[in-house]
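First up is the structure itself, then whatever we jot down about it.
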Amino acid sequence: MYDYLIVGSGFFGSVCAYELNKQGYKVCVIESRDHIGGNCYTKNVNGINVHEYGPHIFHTSNEEVWNWINQFVSFNNFTLRPVANYKGEIYSLPFNMWTFSKLWNITSPIEAKRIIEEQSKHINEPTNLEEQAIKLVGKDVYEKLIKGYTHKQWKKEPTLLPKEIIKRLPVRFTYDNNYFNDKYQGIPIGGYTQIFEKLLEGIDVKLNTNYFIDELPEHKKVIYTGPIDKFYNYQFGELEYKTTRFEHYEHFNENYQGTPVMNYTDVEVPYTRIIEHKYFEPDNIVPDYTYITFEYPTEYKADKTEPMYPVNDEENNKKYLQYKNLADKEENIIFGGRLAEYKYYDMHQVIESALNKIKQII
């Protein structure tokens, strides 16, 4: 009999498995997919480490998390500097003086702030994503670089989305186009899958195993990382998630777009961005071959499409609290991770959450 059955082999499940195994607990991990690593899974294709479920750039200012993850892998110094394509016009992301300079033909942060203030003076306290975006960067930037992209990504009008979503994006009045502000950033040299292989080494792992349908090994307790509403059979209704369909293509040439990430911000283009994977590990550039991924936002349907990002608006959060009230009463089931906690976690936040949970258990 296992001490813990862990449902899901993404970061939360794998970190818990590793730390519990280290403490002498008998652990089994089950995974519904045919591979470990959850959405962080990478696959080597002709020498290029492909991020199968979209790009994952590790970034954190948490030294404890950074030191912990560096036990298992070496990171390069990759920093994300995406490019926005609006109907063939190219802009720098995140929003910074390169963006404002091209859009308004200015060079001074004072001029940029003046234009933004003028374009957003009609908004006092923002109540939704559209108003928050205009308040942060002005109407011109919103119309070209936010509105269409957001509508595609979330399948909703920006006026119906919570303002907190846009606050995740940096706005700088300097010529700094590093997407993240964190102290530590990079991509694992050799891809992410190797991390999960090391975390789960010596641990029983069962792939293609559905927690709700398949026969499970005997166990005392469960660590569940799947959708919390599914666990309770949607008794309070389905929670809303954002999900994405990925189309992968290989090209037998050196260079497809010259950058790892290009966002397409007009609503007429059906995909949100194109990823060129070879540029995540520039020290390992493969000649005369490249691999790209188109990302298409897709309508989420429970039990039919993969849930990826929670839609943390007021209605969904209220519904989640009803599920959390049930989860808090469970004695032998622990809920954790982006789907089970219904939180828009980044990787370092998932790891931190898992490490904290293990400290509580031990």
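The values are calculated or read from the model by the stated rules, or taken from the named source; none is laboratory data. All values derive from a computational prediction rather than experimental measurement. Counting neighbours? That spans all protein chains shown, and the Cβs are built from the backbone with ideal geometry, glycine included. The area values use the complete protein model at the heavy-atom level, side chains included, leaving out ligands, DNA and RNA. Shrake-Rupley method; radii C 1.70, N 1.55, O 1.52, S 1.80 Å.
If we keep just the residues of segment 18-55 that are among the hydrophobic types (A, V, I, L, M, F, W, C) and over 22 Å from Val261 (Cα atoms), which is nearest to the chain's Cα centre (by Cα)? Show your work before the answer.
Of all residues in segment 18-55, those among the hydrophobic types (A, V, I, L, M, F, W, C) come to 20, 27-30, 36, 40, 45, 48, 50.
Checking the rest, the ones that are also over 22 Å from Val261 (Cα atoms) come to 20, 27-30, 36.
Working: Leu20: 25, Val27: 27, Cys28: 26, Val29: 22, Ile30: 22, Ile36: 17 Å.
Taking the candidates together, the pick is Ile36.
Of the conditions (1) under 27 Å from Phe252 (Cβ atoms); (2) of a type outside the set (A, V, I, L, M, F, W, C); (3) open to solvent by 40 Å² or more (accessible area, probe 1.4 Å), Thr42 fails just one. Which one is it?
Among (1) under 27 Å from Phe252 (Cβ atoms); (2) of a type outside the set (A, V, I, L, M, F, W, C); (3) open to solvent by 40 Å² or more (accessible area, probe 1.4 Å), the lone unmet condition for Thr42 is (3).
Suppose the filter is touching a Ser or Thr at 6+ places or on another chain (Cβ under 8 Å) and closer than 24 Å to Thr259 by Cα; does Pro297 pass it?
Working: touching a Ser or Thr at 6+ places or on another chain (Cβ under 8 Å): yes; closer than 24 Å to Thr259 by Cα: yes.
Against the criterion (touching a Ser or Thr at 6+ places or on another chain (Cβ under 8 Å) and closer than 24 Å to Thr259 by Cα), Pro297 qualifies.
Being part of a helix (DSSP H, G or I) and out of contact with any strand residue (DSSP E or B) (no Cβ under 8 Å at 6 or more places or on another chain) is the filter here; which residues of segment 325-348 pass it?
So the first thing to find is which residues in segment 325-348 are part of a helix (DSSP H, G or I), and the list is 325-327, 347-348.
Residues satisfying the conditions are Asn325, Leu326.
Tally time: how many residues in segment 135-152 are surrounded by fewer than 19 Cβ atoms within 10 Å (Cβ to Cβ) and at pLDDT below 95?
Number satisfying all stated conditions: 1.
Which residue out of Thr225, Thr259 is within 25 Å of the chain's Cα centre (by Cα) and closer than 22 Å to Ala354 by Cβ? Walk me through it before giving the result.
Working: Thr259 fails: closer than 22 Å to Ala354 by Cβ.
So the residue among Thr225, Thr259 that is within 25 Å of the chain's Cα centre (by Cα) and closer than 22 Å to Ala354 by Cβ is Thr225.
Would you mind stating whether Ile223 is part of a strand (DSSP E or B), without any contact (Cβ under 8 Å) to a residue 40 or more places away in the chain and either open to solvent by less than 50 Å² (accessible area, probe 1.4 Å) or farther than 30 Å from Gly190 by Cα (or both)?
Numbers: part of a strand (DSSP E or B): yes; without any contact (Cβ under 8 Å) to a residue 40 or more places away in the chain: no; either open to solvent by less than 50 Å² (accessible area, probe 1.4 Å) or farther than 30 Å from Gly190 by Cα (or both): yes.
No.
Can you pull out every residue in segment 349-362 that is assigned to a helix (DSSP H, G or I) and either among the hydroxyl-bearing types (Ser, Thr, Tyr) or closer than 20 Å to Lys220 by Cα (or both)?
Here is the first cut: in segment 349-362, the residues assigned to a helix (DSSP H, G or I) are 349-361.
Within segment 349-362, Ser353, Ala354, Lys357, Ile358, Lys359, Gln360, Ile361 qualify.
How about segment 268-305: which of its residues are among the acidic types (Asp, Glu) and touching a helix residue (DSSP H, G or I) at 6+ places or on another chain (Cβ under 8 Å)? Don't jump to the end; show me each part of the working.
From segment 268-305, those among the acidic types (Asp, Glu) are 268, 276, 281, 283, 288, 295, 299, 303; that's our starting set.
Across segment 268-305, the qualifying residues are Glu268, Asp303.
State all residues of segment 169-184 that are of a type in the set (A, V, I, L, M, F, W, C) and more than 18 Å from Ile146 (Cβ to Cβ); if no residue qualifies, say none. So that I can check it myself, show each step before the final result.
Kept after step one, since they are of a type in the set (A, V, I, L, M, F, W, C), are these residues of segment 169-184: 169, 171, 173, 180.
Within segment 169-184, just Phe180 meets the criteria.
Failed condition for Thr174, given (1) modelled with pLDDT of 95 or more; (2) β-branched (Val, Ile, Thr); (3) buried (at least 16 other Cβ atoms within 10 Å of the Cβ), with all others met?
Against the list (1) modelled with pLDDT of 95 or more; (2) β-branched (Val, Ile, Thr); (3) buried (at least 16 other Cβ atoms within 10 Å of the Cβ), Thr174 comes up short only on (3).
Just to check your reading of the model, which residue among Phe252, Phe231, Phe246, Phe236 is under 26 Å from Val45 (Cα atoms), surrounded by 13 or more Cβ atoms within 10 Å (Cβ to Cβ) and either of a type outside the set (Gly, Ala, Ser) or within 22 Å of the chain's Cα centre (by Cα) (or both)? First the steps, then the outcome.
Numbers: Phe252 fails: surrounded by 13 or more Cβ atoms within 10 Å (Cβ to Cβ); Phe231 fails: under 26 Å from Val45 (Cα atoms); Phe236 fails: under 26 Å from Val45 (Cα atoms).
Checking each option against the conditions leaves just Phe246.
Can you work out which of the residues in segment 1-38 that are outside any loop (DSSP other than H, G, I, E, B) and either open to solvent by 40 Å² or more (accessible area, probe 1.4 Å) or acidic (Asp, Glu) (or both) is farthest from Glu201 (Cα to Cα)?
Taking segment 1-38 and keeping what is outside any loop (DSSP other than H, G, I, E, B), we get 2-7, 11-22, 27-30, 38.
After this cut, where a residue has to be either open to solvent by 40 Å² or more (accessible area, probe 1.4 Å) or acidic (Asp, Glu) (or both) as well, the list is 3, 18-19, 21-22.
Details: Asp3: 17, Tyr18: 8, Glu19: 12, Asn21: 10, Lys22: 11 Å.
Looking at the filtered set, the residue picked out is Asp3.
From the list Glu111, Glu117, which residue is more than 30 Å from Leu199 (Cβ to Cβ) and open to solvent by 70 Å² or more (accessible area, probe 1.4 Å)? Steps first, please.
Numbers: Glu111 fails: open to solvent by 70 Å² or more (accessible area, probe 1.4 Å).
Only one candidate qualifies: Glu117.
Contact list please: Cβ distance under 6 Å, first residue in segment 180-202 and in contact (Cβ under 8 Å) with a residue 60 or more places away in the chain, second residue among the polar types (S, T, N, Q) and in a strand (DSSP E or B), pairs at least six apart or on different chains.
That search, which allows pairs on different chains as well, returns Asp182/Thr60; Tyr184/Thr60; Gly191/Thr42; Gly191/Asn49; Tyr192/Thr42; Thr193/Thr42.
Hey, does segment 186-198 have a residue that's touching an Asp or Glu at 6+ places or on another chain (Cβ under 8 Å), open to solvent by 70 Å² or more (accessible area, probe 1.4 Å) and of a type in the set (A, V, I, L, M, F, W, C)?
Yes, the conditions are met somewhere in segment 186-198.
Got a sec? Which of Tyr291, Tyr320, Tyr264, Tyr309 is buried (at least 17 other Cβ atoms within 10 Å of the Cβ), within 28 Å of Tyr142 (Cβ to Cβ) and modelled with pLDDT of 95 or more? Show your work before the answer.
On the way: Tyr291 fails: within 28 Å of Tyr142 (Cβ to Cβ); Tyr320 fails: within 28 Å of Tyr142 (Cβ to Cβ); Tyr309 fails: modelled with pLDDT of 95 or more.
Being buried (at least 17 other Cβ atoms within 10 Å of the Cβ), within 28 Å of Tyr142 (Cβ to Cβ) and modelled with pLDDT of 95 or more holds for just one of Tyr291, Tyr320, Tyr264, Tyr309, which is Tyr264.
Would you check which residues across segment 48-70 are of a type outside the set (Asp, Glu) and open to solvent by 30 Å² or more (accessible area, probe 1.4 Å) and list them? Show your work before the answer.
Of segment 48-70, the ones of a type outside the set (Asp, Glu) are 48-51, 53-62, 65-70.
Across segment 48-70, the qualifying residues are Tyr53, His56, Ser61, Asn62, Trp66, Asn67, Asn70.
Is at least one residue of segment 206-217 outside any loop (DSSP other than H, G, I, E, B), of a type in the set (D, E, K, R) and either touching a residue at least 12 places away in the same chain (Cβ under 8 Å) or open to solvent by less than 70 Å² (accessible area, probe 1.4 Å) (or both)?
yes
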